[in-house]
Every structure is written in structure tokens, then in C-alpha cells.
Amino acid sequence: MCGVVGIVYHTNNARLGRVGSFLLKKLEYRGYDSTGGAFFKEDQTIILKKKVGSPTKVIQELDLEKLSGRKFIGQVRWATYGSVTDENAQPHEVNCRTRLLGAHNGNISNTDSLREFLVEASHRIVSDNDGEMLVHLVEHFYHEQLAVRKKSNPQNRVDDLLHAILRANQKAQGSYAACVSAADIDGIFAVKAGSSLYAGKGRDEDGDFIVVSSDLTSVLAKTRFLIPLVEGQGIYFTAGEYFVFSLLDGSRCVPGLKRSKLNIADIALQPQYHFFMEQEIDSTVANLDMILKYFFSQDWEDAYFGVFERHVQECKDIIFDLLKLYSIFDSSKLKEAFLEIVTSPRLEAIVKEINHLQSQGRTDTALLFFSSDEAQLLRELREFGEEYDPALFTLDLIVIWKKKRKVIRYKNEAVALFQQSFNCGGRVFLIGSGTSYHAALTAGYFFNSLTSLGIVPCNPDLFRSVYMNSLRPGDVLVAITQSGETKDLVDILNQVRENFREEIRMIAVVNNENSTIPQEKADFFLPLLCGPEIAVAATKSFSAQLSLFYLLAAGMKQDVMLPQQKLEKIKHLVGYTLKTCEEDVTEVMLKFFLKPSIHILGTSLIGLAREGALKIREVVLNHAEGYDAAEFKHGPNTILGKSTLYSFMDMETILADMAEFCRDLFNIRDIPAGDRDEIAGHFLDWIRDFKFADFNAEIMSSRESLPDRQGRYQNLHRRFRQQLNAGKYFSNYPLIFICPPDERDIRITISQIHTHKIRGADVVLIAEENAELAKALEGKPAGINDYFCKYIKIPGSGDSNIFVFQAAVVLQRLALKMSVTKMKYLNRAHIENHGVHPDVPKNVSKSITVD
């Protein structure tokens, strides 16, 4: 996944470099292999700067913020086609026949064929990047259009470039979004051909502008007035005008602007935090509040929602009229339309009933603030006067009621489908990638402990290769995806729908409710309700997935109050766990953040162990593996004891002793200076290749006539080898156990701790307080003097399912702390391009929308 951005102002803008840099930084989580920006000036000059590195780094190195211009096209790259080089960085400038510049996000799958076509047509290809092929392709067809037209004017050139883009799109295969422009046209073309693209119109201190981006949050950072774009469309825009066109036939339209429902504060880093990952872990409690709010009925709601149920059609009509306000941007017209709503007899009658309920004290403190999906719009409307508060309060409640009744209906339908599938001998497949797959594995734990329904968790490839052809009527598929756009999951759903039509029911569990999977592929969806997640590593969305599957599993029991009561308890204990475990987590982090490899061993909790390991791999860039605790002894335990895994700390010890050896060696005064240089050369070779025997042989052969010196060399070498064989340079291997409060699991964990610590493991235990576990952990194994252990005690609930949520946030916090500390360590060592960052680690992206 990469990211493209484009923006146009009316005239040259001295601050365009700052604006473009700001937008690139907003896209940093989407790509950080390379960064580039092109600045178009009114005199038709173009300044293109690009380089390997993240936006944060490249912007500073290339002084992008100091540049000016009228148009800007920028790109951040997550490499797929072509290695990470300056040549493969985007945007690409081409000028084989006519000068164009462009950048893309996505994959052009027939890149090799396009390269052959372009080379045969005498285009000069300078990179391995598929984006260059796309820009050359547009250039090729644009030149053909210009050649046909004898005379050209600015409008002709816009029409010709549009025609070239349509032809290039027909020839290119793949999923992508792109920005393309020429110096001699006023605007920028952008296309949405399988990858995300958003557009917005606004005004800032530099004047009117229109902006496009692969990411909605970067557009919202500039404006909340959006230009609707759907799949298979493109847009041409200047600073004040635009038209949208079809990629199939070029037909044009000018859709009206729409006001975004998101508030920029919802996607900003709050002042008390340094990283989005940190903020998002801490928001878990608030996210659980949202699950409770929409998936369960509250006592106080009955009276209010009863009013709305008596006026169902009126409420639906009111919401319809309210949503129309998103397309009105003139303040006076907005107020006029708003007053039509609040003074209508249908709303006045409902407001009167609601006011009566409030006068009786039948309300809730949560209702003192707008909290519906339309809260941002309602806050704007409140600026027209506080006298409209009763109507706005009622509108907020109506929006909540409408969404909540749908969510609860779909929750009940999902539970009924699961039960129906179980009764008829069907299977329930939970399918997800990465973190979502781990949520599916953990969901299996919930269903196994709370129900008699055995679910089948799998990732898309496992499902395709093992289960696809065995599907039968009665089976249910649950697609789990934070983004709703995961490519391999979309492919699975398409194939199932094609093969089985309506015989297989498909449910989506998704955070982005307006994405492809919930809106186009699933029969219905259950929302995660955790808001935008900016950090690449999923944290709060994982906890939300766990919450949703827990309430579904618990919902299959007869006690209808059980899921709500349990989630209330989970919410309290998660917040308490984050506070009480902070010091212990920090101690473990300081011990493990430079360890090259870690195993997380979950007793009965393989999904949670894998997710904890994934977080460490993603943001710390240390190898980590999640395993079932009892399974670790069947092969993986060979990594314990002496191995060739060396951490930074181990190597520091080795090099320090080598330096001491070198000083002792060179302090032998009767060695001539020339011989010392010769020995130093041998020594450096020995350090480089780690060849102890080779160095000793060199010394012996060159000093055979000096037995006294030979003895001293041998003694020094022997000392070093003895230290090596004694294990001085081999540190214990770190194991992190996760043990729920279950008697059988505790016995297994005790056995495994004893088995592995005597073979050279440092052991961390995440569990509720238990005396027997503490004895097993803290007993120092004989002959291992540097044994490290730590008991991270989870606040007790006695409930294995509740424990899962607490352990999850502890593992997330551990990965966060390890990442921040290692990043600072590597920065101090001046190691470039190390890629360690809690929000934007290298090589991974937020949503994988390519094959």
C-alpha cells in the first residue's frame, strides 16, 4: 500500500511546500520506503524531488517545505514493484514525447507486458516501478491525441489528456489510484481504479483549493467538504472547479459537495500522547463503552425509544432531511433548511414528548453531549442558537435509536444463524488476515468455553486451500476486517458468492462501515465501533473484535443479561490492568527490547499468543513467535541454551572482550611496531569473520621462532575461548507465558516453566496471582546464575474469558514500549532506515489491498 496526494491553488503559493509536506506526513503510515513531491509553477516549470526514506526524513533532507508552486503531486511508497531505490521513488516524470508527471497507489499487475510495449514504442524506462509504466502509458496515448489535433488550446489539452487516461486505464491491469498532470494545464487528473481515493474542496489562508488523497484523514485535515467519488471514476480539478468522469466511457458530471461526518479531533493525536499506538491502546475502555452503547439496551432508553417506535416513519423522514444538510455549504441556506426541520410539526410533536420525559428525570448523564454518528453536524447546528438545544438533543437520540435498532437486530440475527447452522450440522467459518485471524482464533476459545458450537477460524488462504470446495448449505461465513477492503478476503467472498449464490450466508465484522465488504459483499455486518485507527499495528480494533465475538458467544446462552454484565466488568478491569501493570511491563521491556527473538506461549490461548508476537514483529522488528505453551517442547524448544542468536547486548559484551584482548596483545612490548601492524590486520580479519582458529594459526605460523611469545598468544586466546565455552556470550532465551485462571491451564504452565527454564530460558509470566505459579517461576534453576523472571500479575477476575482482554492490552503495551525504546536506541546509534516505529514500522501497511 502506498499513498498519493494532489492539491491545486489558484495562483503560486509560497507555502505550497509546507502544505504538501503536511499532506505527505499524513500519509506516512501508508508508505515509508520512499517519498516524493512535484511542484508545478505558473510559469510551467516543475520541481521534482524524491528520495528513499519516510516523509519525516525526506521532507527535511530535501527541504520540501521551502518550495512553492500552484499545483502539487506527492507520493509515499510501500515497495511492491521494484526495489527501494531513488529511481523507483514516485512521482515519475516522463518526457519521451511530451512532458507528464504522475504517481500512483496500488499495483499494475501487467507491468512486464506494459514495459515491453513501451520499450518497443521507444519510451525510455528508467525504473522497475509499475507507476512509471502507468505514467508512460498515459504519455503515449496523450501524444497520439496531440498529434491528431492540429491546433491545441488549454481546453483541448484537458480533453486530450482525459482521453489518454481512459485509454491507459483500458490497457493497464490491476487495482490502483493515480494523479497525473502536465505543466500546461491548470489542474490535476486523479483516478480511482481499485484503490482508495478521496477528494475535498476548501479554503485556507492561501486561498481556495481542491485536494485529493489516498487517505480520508489527510483530506479532512484540510477540509470537511468532500467531493463524492466511487469506484471506476476519476476527477479533474483546479482550485475552484471540478468534474467527475467515468473510466468506462468518459461521461462527465459535477456531483455536489458533501459534509464529512468525521471531526478532525477524532483522528488527531491528543496532547497527552506521543504516538497513535499509545493513544489507541488507552482508548480500549472508551471503545468498550461504544460496544455496550449500541449492542445492548439500557433501562433509561425504553421510554425515549418507545416514543420513536410510535413515530417510526416520521423519525426516518427526519433523519433523511437531516442528512440532506450535509450537501449545503452556505451558512444562511443551512440555517434555513435546519429551521424547516426543527419547526416541522412532526419533529415538534416528538420533541414535546421527549421534553416531558426529561422533566420527569428519566435521562442519563451521557446524553448531555452529542454522541451519535451525526454529532459533528449537530455541534455545527448548535451555533445557530442554544434555543434549539431540545430539538438537537432529540435529533441526536433519533440517530442513535435508528442505528442501535439495526445493530441489535443484526446481532440477534447472527446468533440465530450460528444456532441454526449448528442445529443442521453446518459450520461457522471465521475468516480474517493478520490480527483479524488472531481474533478468529481467540473467538474459538470463547465459543468453546461458553457454547457447544465449534467454529472454524482460518485465514483466507487456509480457507481457500482446505475448506472452499467442502462448503455446503447451512454453513456461515464471517468475514473479519478492520478496513473492509482486504483484497484476499474480498476475493474469497466473491468466489463463494459466485459458486454458491445465496446458499451460504455471509456476515462482515468491520470497523469501516462504508467500505466494500459490508456494503457490497456481506448479507449484513456488525460494526466494531472503535473509530479511525491511525497506527499501522491494530490494537483497539483487536480488542473490539474480541468484545464482539465474546458477546456473540455469550449471547447464545439463555441468560440475556450475561454478555452485558460481563462486558461492563471487562471494561473496568481493562482500565485497571493498564494502570497497575505499567511498572512490571516497563521492567520486562528494558530486559527484552534488544532480544533478537522471543516466543510467546499461550496456554489454551494460541490466538492471543500469536497476536502478541505479531505486535512485537510489527513495531519492534524483533523476531517473535506465538505458540501453544504445551506445543513448544515439540521442536521449537531447541532454540533454548547456547545458540547463534546474538542480541545487541551480547555483541557489545563480545566486542568489549575483544578490545581487551587486543590491548593485552599489543601491550607485549618486545613486538616490533611493524609486526604489531601485521598482527592487528590478522586480528581485524578474525573479528570480521569470527574465526578464532584462523587467527591462532596465523599467530603460531608467523612466530614459531619465539616460543615465549607463542605461549602468551595462546594464553590470551585460551582465555577468550574459555569465556566463550562457559557461555559468557550466550544470554538466556526469552519466553513469555500467558496463563488464564483455569486449574488445568495452571498445571500445564507450571510444568512448562520448569521444563524450559532449566534449559536456558528467561521467563515472564502474565497471569492472575497464584502461589504455585509464583513458586514455579521464581525458583532459580541450578547452574544458571543470570536467570531472569518476572510475574506480571493481572488483576483477578477468576474468569478465563475476561483474562483474555486484560492480557491483550498488556501485550500491546509491552510491544509499544519495546518499540519506542528500541527506536530511540537505534536513533542514538545513528543507524539509518532502521524502520522501528510504533505507528509506522517498515514493510507493513494499514490495509493490504493488493495481492
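Numbers at a glance
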| item | result |
| --- | --- |
| Every residue from the stretch 788-823 that is basic (Lys, Arg) and either at pLDDT below 95 or assigned to a strand (DSSP E or B) (or both) | 790, 793, 822 |
| Matching entry among 777, 826 (being more than 23 Å from residue 577 (Cα to Cα), of a type outside the set (Lys, Arg) and assigned to a helix (DSSP H, G or I)) | 826 |
| Enumerated strands (runs of 3 or more DSSP E) restricted to the stretch 203-318, each holding at least 1 residues that are more than 30 Å from residue 172 (Cβ to Cβ) | 207-213, 225-227 |
| Residue within the stretch 416-427 that is assigned to a helix (DSSP H, G or I), surrounded by fewer than 22 Cβ atoms within 10 Å (Cβ to Cβ), modelled with pLDDT of 90 or more and touching a helix residue (DSSP H, G or I) at 6+ places or on another chain (Cβ under 7 Å) present | no |
| Tally of residues being assigned to a strand (DSSP E or B) and more than 31 Å from the chain's Cα centre (by Cα) across the stretch 1-21 | 5 |
| Candidates 522, 479, 439, 538 - the one that is open to solvent by 10 Å² or more (accessible area, probe 1.4 Å), modelled with pLDDT of 90 or more, in contact with a Gly (Cβ under 8 Å, 6 or more places away or on another chain) and of a type in the set (A, V, I, L, M, F, W, C) | 538 |
| First in the stretch 564-584 and farther than 24 Å from residue 548 by Cα, second anywhere and surrounded by 15 or more Cβ atoms within 10 Å (Cβ to Cβ), Cβ under 7 Å, 6 or more apart | 580/795; 581/792; 581/810; 584/790; 584/792 |
| Selection from the stretch 467-476 of residues that are of a type outside the set (Phe, Trp, Tyr) and either open to solvent by less than 10 Å² (accessible area, probe 1.4 Å) or not in a loop (DSSP other than H, G, I, E, B) (or both) | 468, 469, 470, 475, 476 |
| Which listed residue is among the small types (Gly, Ala, Ser) and assigned to a helix (DSSP H, G or I), from 436, 452 | 436 |
| Hits in the stretch 66-91 - residues which are under 22 Å from the mean Cα position of the chain (by Cα) and part of a strand (DSSP E or B) | 74, 75, 76, 77 |
| Matching residues in the stretch 357-387 - criterion: being farther than 23 Å from residue 262 by Cβ, part of a helix (DSSP H, G or I) and modelled with pLDDT of 90 or more | 387 |
| Pairs, first of a type in the set (D, E, K, R) in the stretch 528-540, second open to solvent by less than 10 Å² (accessible area, probe 1.4 Å), C-beta under 7 Å, six or more apart | 533/280; 533/541; 540/280; 540/281; 540/284; 540/530 |
| Breaking point among (1) open to solvent by 30 Å² or more (accessible area, probe 1.4 Å); (2) in contact (Cβ under 8 Å) with a residue 12 or more places away in the chain; (3) not in a helix (DSSP H, G or I), for residue 767 | (1) |
| Qualifying residue in the stretch 174-181 (condition: outside any strand (DSSP E or B), on the phi < 0 side of the Ramachandran plot, modelled with pLDDT under 95 and surrounded by 18 or more Cβ atoms within 10 Å (Cβ to Cβ)) | no |
| Residues located in the stretch 592-608, provided they are more than 15 Å from residue 449 (Cα to Cα) and assigned to a helix (DSSP H, G or I) | 592, 608 |
| Lone qualifier among 269, 229, 197, 262 - being within 22 Å of the chain's Cα centre (by Cα) and open to solvent by less than 40 Å² (accessible area, probe 1.4 Å) | 197 |
| Residue satisfying condition, being surrounded by fewer than 24 Cβ atoms within 10 Å (Cβ to Cβ), of a type outside the set (Ser, Thr, Tyr) and assigned to a helix (DSSP H, G or I), within set 107, 156 | 156 |
| Criterion (buried (at least 23 other Cβ atoms within 10 Å of the Cβ) and either hydrophobic (A, V, I, L, M, F, W, C) or at negative phi (or both)) met by exactly one of 84, 58 | 58 |
| Any pair with Cβ under 6 angstrom, 6 or more apart, that starts in the stretch 423-444 at a residue that is closer than 14 Å to residue 547 by Cα and ends at one that is among the basic types (Lys, Arg) and open to solvent by 10 Å² or more (accessible area, probe 1.4 Å) | 438/610 |
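The values are calculated or read from the model by the stated rules, or taken from the named source; none is laboratory data. Keep in mind it's a predicted model, so treat the numbers as computed, not measured. Here Cβ is always computed from backbone atoms with ideal geometry, including for glycine, and neighbour counts include all displayed protein chains. Only protein heavy atoms, including side chains, enter the accessible area calculation; ligands, DNA and RNA are left aside. Shrake-Rupley method; radii C 1.70, N 1.55, O 1.52, S 1.80 Å.
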